[in-house]
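Each value in this text was obtained by applying a stated rule to the coordinates, not by laboratory testing. Predicted model, so just to flag it, every value in this text is computed and none were measured. Because the Cβ atoms are built from the backbone with ideal geometry, glycine has one as well, and the counts that use them run over all protein chains shown.
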């Protein structure tokens with residue numbers, strides 16, 4: 001996977017809270033810190049995200065984007 005940003009952090013999904021249109025994904029990273037990312041339900045399903053999955057967080061100013069294999 002090639003990206004245009006160098007700000008990539010690997011972590012593990014600890015919790016997913018689904019809403020009607022979006023979901024909040026809580027990801028634990030090194031040092032027991034937790035970051036959260038908002039994704040659409042469609043993105044949640046197309047990426048196959050689930051609790052326990054290892055993901056990459058790409059951080060742009062104002063956004064955290066999830067990527068996975």
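Of the residues 42, 30, 20, the one that moves most in a GNM of the chain with alpha-carbon contacts below 10 Å is 20. Each 10 Å bin, from zero up to the one with the longest distance, holds this percent of the alpha carbon pairs of region 8-67: 25, 60, 15, 0. Modelled this way, with points 7 Å down the Cα-to-C-beta line, the labels at residue 7 and residue 47 are 1.6 nm from one another.
A helix-only calculation puts the chain at -2000 deg cm²/dmol for mean residue ellipticity at 222 nm, using -39500 (n - 2.57) for each DSSP H run of at least four residues, averaged over all residues. Comparing mean-square fluctuations of 15, 45, 36 from a GNM of the chain with C-alpha springs under 10 Å, the top value falls on 45. Based on C-alpha pairs under 8 angstrom that are at least 6 apart in sequence, region 8-67 has a relative contact order of 36 percent.
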